[in-house]
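What follows is a short report on a single structure.
The values are calculated or read from the model by the stated rules, or taken from the named source; none is laboratory data. This structure is a prediction, so every number in the text was calculated from the model and none was measured. Methodologically, a virtual Cβ is constructed for each residue, glycine included, from the backbone with ideal geometry; neighbour enumeration extends over all protein chains shown. These area figures cover heavy atoms from the full protein model, side chains too; ligands, DNA and RNA do not enter into them. Shrake-Rupley method; radii C 1.70, N 1.55, O 1.52, S 1.80 Å.
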There are 2 protein chains.
Amino acid sequence: MHETLPEFEMIARLFAPMAGEGALGLLDDAACLRPTPGHDLVLTKDVLVEAVHYFAEDPPADIARKALRTNLSDLAAKGARPVGFLLGLGRSPALDTEWLTAFAAGLAADSRLWHCPLLGGDTVRTSQPFLSITAFGEVPAGRMVPRQGGAPGDALFVSGTIGDAALGLQLRLRPDLPAARSLAGPHRTFLLDRYLRPQPRLALAPVLLAHARAAMDISDGLVGDADKLGLHLGREIAVEAVPLSPAARALVAAGPDLLDCALTGGDDYEILAAVPPEKAAAFEQDALQCGVPVVRIGTLLREGSGAVWRMGTGLERRFARRSFAHF
Amino acid sequence: MHETLPEFEMIARLFAPMAGEGALGLLDDAACLRPTPGHDLVLTKDVLVEAVHYFAEDPPADIARKALRTNLSDLAAKGARPVGFLLGLGRSPALDTEWLTAFAAGLAADSRLWHCPLLGGDTVRTSQPFLSITAFGEVPAGRMVPRQGGAPGDALFVSGTIGDAALGLQLRLRPDLPAARSLAGPHRTFLLDRYLRPQPRLALAPVLLAHARAAMDISDGLVGDADKLGLHLGREIAVEAVPLSPAARALVAAGPDLLDCALTGGDDYEILAAVPPEKAAAFEQDALQCGVPVVRIGTLLREGSGAVWRMGTGLERRFARRSFAHF
């Protein structure tokens, strides 16, 4: 039933066209990367597994884009410019020629869009398909924006809007979700799209390099991820300051308990950054200028102050579960 | 039944101890690698899947070592010095705390042995466990030993002995293999060990850098892999010149059809290299000096001469299957 594409032919026909110079035509044991003098290399690896990180029935081109973009999101958070990626592909028999062709087309389009050529990889046989991408970026030497930075008093910013993807996932997992019954069609489409097609905030990378003292991408839920930025410090965050899209706002209004899902569900691929107070205004302005609005949601506090999420009433908001966990 | 180790605890307790400086304590989105000025970075990715590349019942420490060593073998073939690796781990519920602890111990031991620190990675949930390692090495700029090099007249060398691992795998897959009935115990142990614990030929890397015009590691079987070195050229190889261990020799003597398995089965992780004739003697001598004997098995020929495997009788030897194929 399924036509199986031989590995050599798959590489030559589908992957070689998106290969960069250092890939040596994908005909070598390894790739060769010449670093730009005076720069550090930023390395990141995000693995996506079918039925865990995406649905088997998702369009293969979108699965490819998601696999690359979750990695590019990490590079963006570090202030890095992408220079290439390696692809590890776990193939089941169901990934036939048609699937692989559509997958490669999506990957090639994104590879061009983000100026991130394929450098090499490996394909293996498996029962549960997976995508293991390693992406490489560059920053001027010593300038990578760390996650364990920041200082008491730094402003905490997030990019874009939070919770859309987690709510989009709920719409797929629970088609009869009561709160979604009266959700407008365009809102539904928007949330589903945010789950399926994350937007890596690479436009923000130079702005983070210029102003941020710490940054990370939000992939496992804002509440839990915020705990991990400047681990040793405390923080206070205003629940109502967290930017929600009109679609998320509409859905949460119809089902207030969905706010927890939005704030802890993950798959946002937005940026959380700590910016010194004297640079906050410039950060906000530069971010807007490059097309990625950022919003201040809180402040880093001195060590030992804990992580407090505050409601408009002044009361503390607590969460049963802070983030997505695999185990 | 199985105790599940939370991701954060697993990273802090098991993986952080083998982390390199650029890993930032495994507490960041990404790792930071400062390339040595005047060097190129060599990138390689080999993925291992349970029940495809290893047995679920193999000792976890050996699985870890194999996953790292298959990657180090690629670096060795390129003449590179390892500088670090990223680990993608697909965890099933069966990989409990005990398993993970043994796995990490094996990985840490090898990480030290080969001076190749852990830089980062990702852990995900899956039904069929896998290990997706990306390893990084360095070579002086422009000096990576390519696979698509070599010139007509170059001598073809292989390191170590060929076929041991493929025969060892046969011993495991076919416990009642007639040819193995009278195989001496130490021979059996040797072949099983060669399958379980590949030896990356990193000691040979500087020798390859100094003398080889092309090189690759042999992972999918010598016959098929030899086709891929200097793809555009022809080659003639003497079947009897291929170095076999005493154990392989004994097993093949008892079952002559197993020679095909030895030459096409794969998992050798030895080096195949093309060396200009005027450097052949020095290559052989330097290799011996660094503890990795190499043997000349043939010669590269001009384009269009095909790939001929010649027996002592002068007759051509043909192979039904040239190498291991996933698809």
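Just one of (1) under 21 Å from the mean Cα position of the chain (by Cα); (2) among the hydrophobic types (A, V, I, L, M, F, W, C); (3) not assigned by TED's automatic domain parsing to the domain that holds B:Gly234 trips up B:Val124, so point out which.
Result: B:Val124 passes all but (1).
Could you grab me the full set of residues in segment B:91-113 that are farther than 17 Å from B:Val49 by Cβ, within 14 Å of chain A (Cβ to nearest Cβ) and open to solvent by less than 10 Å² (accessible area, probe 1.4 Å)?
Of everything in segment B:91-113, just one residue is farther than 17 Å from B:Val49 by Cβ, within 14 Å of chain A (Cβ to nearest Cβ) and open to solvent by less than 10 Å² (accessible area, probe 1.4 Å), namely B:Leu100.
Determine, yes or no, whether B:Arg147 is crowded, with 19+ Cβ neighbours inside 10 Å and in contact with a helix residue (DSSP H, G or I) (Cβ under 9 Å, 6 or more places away or on another chain).
yes
Just one of B:Asp96, B:Asp62 is under 28 Å from A:Pro129 (Cα atoms) and touching a His at 6+ places or on another chain (Cβ under 6 Å); which is it?
B:Asp96
A:Gly230 - would you say it is crowded, with 23+ Cβ neighbours inside 10 Å and on the phi > 0 side of the Ramachandran plot?
Judged against the criteria, A:Gly230 is a match.
Name the residue, out of A:Val275, A:Val242, A:Val295, that is under 23 Å from A:Gln199 (Cα atoms), in contact with a strand residue (DSSP E or B) (Cβ under 8 Å, 6 or more places away or on another chain) and either open to solvent by 40 Å² or more (accessible area, probe 1.4 Å) or at pLDDT below 95 (or both). Lay out the reasoning, then the answer.
Numbers: A:Val275 fails: either open to solvent by 40 Å² or more (accessible area, probe 1.4 Å) or at pLDDT below 95 (or both); A:Val242 fails: either open to solvent by 40 Å² or more (accessible area, probe 1.4 Å) or at pLDDT below 95 (or both).
Step by step, each of A:Val275, A:Val242, A:Val295 is checked, and only A:Val295 is under 23 Å from A:Gln199 (Cα atoms), in contact with a strand residue (DSSP E or B) (Cβ under 8 Å, 6 or more places away or on another chain) and either open to solvent by 40 Å² or more (accessible area, probe 1.4 Å) or at pLDDT below 95 (or both).
Just give me the residues in segment B:169-186 being under 21 Å from the mean Cα position of the chain (by Cα) and touching a residue at least 60 places away in the same chain (Cβ under 8 Å), in sequence order.
Across segment B:169-186, the qualifying residues are B:Leu169, B:Gln170, B:Arg172.
Could you check, for segment B:7-30, whether at least one of its residues is out of contact with any Phe, Trp or Tyr (no Cβ under 6 Å at 6 or more places or on another chain), closer than 24 Å to A:Asp74 by Cα, open to solvent by 20 Å² or more (accessible area, probe 1.4 Å) and of a type in the set (Val, Ile, Thr)?
yes
Counting just the residues of segment A:34-77 that are at the interface with chain B (Cβ under 7 Å from one of its Cβ atoms), within 14 Å of the chain's Cα centre (by Cα) and among the charged types (D, E, K, R), which one comes out most open to solvent (accessible area, probe 1.4 Å)?
It comes out as A:Asp46.
As an exercise: evaluate B:Gln289 against (1) open to solvent by 50 Å² or more (accessible area, probe 1.4 Å); (2) under 16 Å from B:Ala214 (Cα atoms) and give the number of the one condition it does not meet.
Among (1) open to solvent by 50 Å² or more (accessible area, probe 1.4 Å); (2) under 16 Å from B:Ala214 (Cα atoms), B:Gln289 violates only (2).
May I ask you to list the residues in segment A:300-319 that are open to solvent by 80 Å² or more (accessible area, probe 1.4 Å), of a type in the set (Ser, Thr, Tyr) and closer than 18 Å to A:Leu231 by Cβ?
Residues satisfying the conditions do not exist here.
Against the definition (at the interface with chain A (Cβ under 7 Å from one of its Cβ atoms), more than 23 Å from the chain's Cα centre (by Cα) and basic (Lys, Arg)), how does B:Arg13 come out, yes or no?
Values: at the interface with chain A (Cβ under 7 Å from one of its Cβ atoms): no; more than 23 Å from the chain's Cα centre (by Cα): yes; basic (Lys, Arg): yes.
It is false that B:Arg13 is at the interface with chain A (Cβ under 7 Å from one of its Cβ atoms), more than 23 Å from the chain's Cα centre (by Cα) and basic (Lys, Arg).
Looking at (1) under 22 Å from B:Pro277 (Cβ atoms); (2) in the same structural domain as B:Ala215 (by TED's automatic domain parsing); (3) of a type in the set (Lys, Arg), which is the only condition B:Arg147 fails?
Of the numbered conditions (1) under 22 Å from B:Pro277 (Cβ atoms); (2) in the same structural domain as B:Ala215 (by TED's automatic domain parsing); (3) of a type in the set (Lys, Arg), the odd one out for B:Arg147 is (2).
Residues checked against (1) under 30 Å from B:Ala226 (Cα atoms); (2) among the β-branched types (Val, Ile, Thr):
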position	(1), (2)
A:Glu21	yes, no
A:Leu33	yes, no
A:Val47	no, yes
A:Ile63	no, yes
A:Lys66	no, no
A:Leu89	yes, no
A:Leu113	no, no
A:Pro117	yes, no
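For segment A:127-143, give me each residue that is assigned to a loop (DSSP other than H, G, I, E, B) and either open to solvent by less than 20 Å² (accessible area, probe 1.4 Å) or more than 16 Å from A:Leu204 (Cα to Cα) (or both).
A:Ser127, A:Gln128, A:Pro129, A:Ala141, A:Gly142
Say we look at segment B:161-176 and pick out the residues that are closer than 20 Å to B:Ile218 by Cβ and not in a helix (DSSP H, G or I); which of these is most open to solvent (accessible area, probe 1.4 Å)?
The residue in question is B:Thr161.
Which one of these does B:Arg322 not meet: (1) within 22 Å of the chain's Cα centre (by Cα); (2) surrounded by 17 or more Cβ atoms within 10 Å (Cβ to Cβ); (3) modelled with pLDDT of 95 or more?
(3)
Working carefully through the options A:Ala155, A:Ala179, find the one that is hydrophobic (A, V, I, L, M, F, W, C), open to solvent by 10 Å² or more (accessible area, probe 1.4 Å) and either under 27 Å from A:Leu208 (Cα atoms) or in contact with a helix residue (DSSP H, G or I) (Cβ under 6 Å, 6 or more places away or on another chain) (or both).
Selected residue: A:Ala179, the only one of A:Ala155, A:Ala179 that is hydrophobic (A, V, I, L, M, F, W, C), open to solvent by 10 Å² or more (accessible area, probe 1.4 Å) and either under 27 Å from A:Leu208 (Cα atoms) or in contact with a helix residue (DSSP H, G or I) (Cβ under 6 Å, 6 or more places away or on another chain) (or both).
Within the group B:Asp29, B:Asp46, which residue is touching a helix residue (DSSP H, G or I) at 6+ places or on another chain (Cβ under 7 Å) and closer than 27 Å to B:Val292 by Cβ?
Of B:Asp29, B:Asp46, the one residue that is touching a helix residue (DSSP H, G or I) at 6+ places or on another chain (Cβ under 7 Å) and closer than 27 Å to B:Val292 by Cβ is B:Asp46.
Output the residue which, of all residues in segment B:114-165 that are aliphatic (A, V, I, L, M) and over 25 Å from A:Thr36 (Cα atoms), is nearest to the other protein chains (Cβ to nearest Cβ).
The extreme case among them is B:Val124.
Which members of segment A:187-208 meet the condition of being within 14 Å of chain B (Cβ to nearest Cβ), open to solvent by 10 Å² or more (accessible area, probe 1.4 Å) and part of a helix (DSSP H, G or I)?
The answer is A:Leu202, and nothing else.
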